[in-house]
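Structure first, commentary second.
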Amino acid sequence: MVVTLREPMVPITEIERSAFCQTDKDLKSKTLEEEFNKGVRWQKLPISYMRTSPEELDTRITEAKAALGQRLLILGHHYQRDEVIKHADLRGDSFKLSQYAATQTKAESIVFCGVHFMAETADILSSQNQSVSLPNLTAGCSMADMARLDDVLDCWDDLQEVLGPEGVTPITYMNSPASIKAQCGRNEGIVCTSSNAPATFEWALGRRERIIFLPDQHLGRNTGLRMGIGLDEMLVWNPFKPLGGHTEDELRRARLILWQGHCSVHTRFTVPQIERARLQYPDIRVVVHPETTMEVVQAADYNGSTEYIIKVIDDAPAGSVWAVGTEVNLVNRIAAENPDKTVFCLDSVVCPCSTMYRIHPAYVAWVLEGLVEGVVVNQITVDEETSGYARIALDRMLSTV
Ligand code: SF4
């Protein structure tokens, strides 16, 4: 039996954006009912789960996991809460987790503690006899939601008309819906991650003279600059304006067209935060994610994917001091796992990713206890056609980088 309750896209409200921000690093989970009282609109689930304490949920998740044994695989993205990530069989970034899922054929059920596009990718890469569940269907990604298929199709038609059929290659970041990955697969395009974006740019520019990069303008701009594309050769496509807000000549002159999307977590980091950190600790090293703005990347010492950030700090000498520009749950965990170093988040107001935070332990317990009863709750299924074309774009990435 499969239970899927509703579509995942629930935009983050202003209330939710700041509901779980802290200044004292206390991100401990409360009961789901208490968290709902902050004014959020997450997926509803049976009332008994709403009122169960985090401690009891912890015991129930552990018991359900033990009952399911090797039939279950729990994947946890680095940005998940501590009370959730502790139950994951593997932690990683979205691509590492999906790749791992593809090799774990023994597990009948994959529970992806992350956001919607990640569960979709796991469904595309896993085998047909495996189910993929997302514990809370409202856990989307605000950046992925900024590239709606209709808008992307309109943009693609315009670009074909102005630039011709061989004028531009689409590249989409892993953080995008399966439908956008499929659009890239259909049109000689490719998927990239934050660690292999430069290699995919090189691949694309060897084929056609322009790239359209979706949906994160910052990762696209930072990568373009790294590849020697000048700011005067880039433009931002605004989906709400005719021709993205540009003339035909401007489009013809561009080498890199950036979709107007961004990550609300990573764009919180600023150059003044880096300057303050450097004043406080003259020998500090600053490492940021390339979803931060160009100015922040240029002011930092290092930039790279979540896996890169973890490694660079793990490998650093004892006593070194690090300011980190990425999601706070990961920063706190790196700090705890590197007690011989000083590691802190660049932003003193600590805000978790609002959509990642929607995976409360109550949802994990609900999904796992369902599986114990033979019920697949919140299954994520990508239709065959979309899955096939998205897989082409993913496989191109795998064979390129
Ligand atoms: S951190 Fe940004 S890109 Fe990642 S899931 Fe949250 S909103 Fe999306």
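The values are calculated or read from the model by the stated rules, or taken from the named source; none is laboratory data. Not measured: the values here are computed from a predicted model. Positions of Cβ are generated from backbone atoms using ideal geometry, with glycine treated the same way; all protein chains shown enter the neighbour counts.
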Only one residue in ALA365, ALA318 is over 30 Å from ARG186 (Cβ atoms), in contact with a Lys or Arg (Cβ under 9 Å, 6 or more places away or on another chain) and surrounded by fewer than 17 Cβ atoms within 10 Å (Cβ to Cβ), so which one is that? ALA318
Could you tell me which of the residues LEU214, LEU258, LEU235, LEU251 is within 16 Å of the ligand (Cβ to nearest atom) and out of contact with any Lys or Arg (no Cβ under 8 Å at 6 or more places or on another chain)? LEU214
Of all residues making up the stretch 223-271, the number that are on the phi > 0 side of the Ramachandran plot and either surrounded by 14 or more Cβ atoms within 10 Å (Cβ to Cβ) or touching a residue at least 40 places away in the same chain (Cβ under 8 Å) (or both): 3
Of (1) outside any strand (DSSP E or B); (2) in contact with a Cys (Cβ under 9 Å, 6 or more places away or on another chain); (3) among the hydrophobic types (A, V, I, L, M, F, W, C), ALA122 fails just (2)
Pairs where the first residue, in the stretch 110-133, is away from the ligand (no atom under 16 Å from the Cβ) and the second is in a strand (DSSP E or B) and not hydrophobic (A, V, I, L, M, F, W, C), C-beta under 6 Å, 6+ apart: VAL111/SER133; SER131/SER109; SER131/GLN379; SER133/GLN379
Top-ranked residue of the stretch 334-362 - restricted to ones that are away from the ligand (no atom under 16 Å from the Cβ), of a type outside the set (D, E, K, R) and not in a loop (DSSP other than H, G, I, E, B), ranked as nearest to ASP89 (Cα to Cα): PRO361
Test PHE112 against the stated conditions and say whether it is assigned to a strand (DSSP E or B), touching a helix residue (DSSP H, G or I) at 6+ places or on another chain (Cβ under 7 Å) and closer than 26 Å to GLN43 by Cα. yes
Among the residues in the stretch 162-182, are any surrounded by 24 or more Cβ atoms within 10 Å (Cβ to Cβ) and of a type in the set (Lys, Arg)? yes
Could you check CYS345 against (1) in contact (Cβ under 8 Å) with a residue 24 or more places away in the chain; (2) under 23 Å from the mean Cα position of the chain (by Cα) and say which number it fails? (1)
Count - residues of the stretch 123-137 that are farther than 17 Å from TYR100 by Cβ and under 21 Å from the mean Cα position of the chain (by Cα): 3
Which numbered condition in (1) within 21 Å of the chain's Cα centre (by Cα); (2) under 23 Å from ILE190 (Cβ atoms) is the only one that ARG210 fails? (1)
Could you tell me which numbered condition LEU90 fails, if it satisfies all but one of (1) hydrophobic (A, V, I, L, M, F, W, C); (2) touching a Gly at 6+ places or on another chain (Cβ under 8 Å); (3) buried (at least 24 other Cβ atoms within 10 Å of the Cβ)? (3)
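Listed here are the residues, each with its yes/no results for (1) closer than 30 Å to THR172 by Cα; (2) aromatic (Phe, Trp, Tyr); (3) modelled with pLDDT of 95 or more.
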residue: PRO317; (1), (2), (3): no, no, yes
residue: LEU330; (1), (2), (3): yes, no, no
residue: ALA335; (1), (2), (3): no, no, yes
residue: THR342; (1), (2), (3): no, no, yes
residue: SER348; (1), (2), (3): no, no, no
residue: CYS353; (1), (2), (3): yes, no, no
residue: VAL372; (1), (2), (3): no, no, yes
residue: VAL382; (1), (2), (3): yes, no, yes
residue: SER387; (1), (2), (3): yes, no, yes
